[in-house]
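One structure below.
The values are calculated or read from the model by the stated rules, or taken from the named source; none is laboratory data. Fair warning: this is a prediction, and the values are worked out from it, not measured in the lab. For the accessible areas, the whole protein counts, side chains as well, though only heavy atoms, and no ligand, DNA or RNA atoms are used. Shrake-Rupley method; radii C 1.70, N 1.55, O 1.52, S 1.80 Å.
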Amino acid sequence: SPWSCEKPPRTFAEAGAAGEALQREIASIAARHGIAVCGPNCMGIVNTVGRIAMYTGKMPASMPRGRLGVVSQSGSVTYMLLSAARVDVSYAISSGNQAVLSVTDYLEFLIDDGDTDTIALFIESIADGPRFLAAVARAREARKPIIVCKTGRTARAAEAMRAHTGAL
């Protein structure tokens, strides 16, 4: 059944050439029409500031508004963070494959956000290193600490990332 709780089939960049083509098509349509797209292959976004959730995972019935902005390429990490209900966030963003919006786009938003004091990143890859480093420098100027967990440093982890989001 398409509505079962079984793991969905891989269909985007993590699935190989056909999935990469589909992901590029999504990015092309979004660029042509000026659409911001989270994902694909992600859990979505939780915004406790505006009390809005576009999120496919389990969440506590009541989420206190926090001051930590989280961006994670891993939906599982986002899910565990939110379901543990021990960390109060301003935003929790599962960025997935980043066909349109990247970790750096979300980082830049959180740096400018008055409701976020600290930023946590769980990242597999950075598409534009110089832009990311410029954002990090801006966060430092704004006195917003960034906590970074970078995965994929070993050959085995890099292979897991390719299967996960198609990132290298």
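Amide H to amide H under 5 Å from Ser72: which residues, 5+ apart in sequence or cross-chain, H placed 1.01 Å off N in plane?
Amide H to amide H, under 5 Å and 5 or more residues apart or across chains, Ser72 pairs with Ile93, Ser94, Ser95, Phe122.
What whole number of Å gives the distance from the Cα centroid of the stretch 73-92 to the Cα centroid of the stretch 107-155?
17 Å
Summarise the accessible area of the stretch 1-147 (1.4 Å probe, protein heavy atoms) by the percent that is carbon and sulfur.
58 percent
Per residue Cα convex hull volume for the stretch 1-124, in cubic angstrom?
119 Å³
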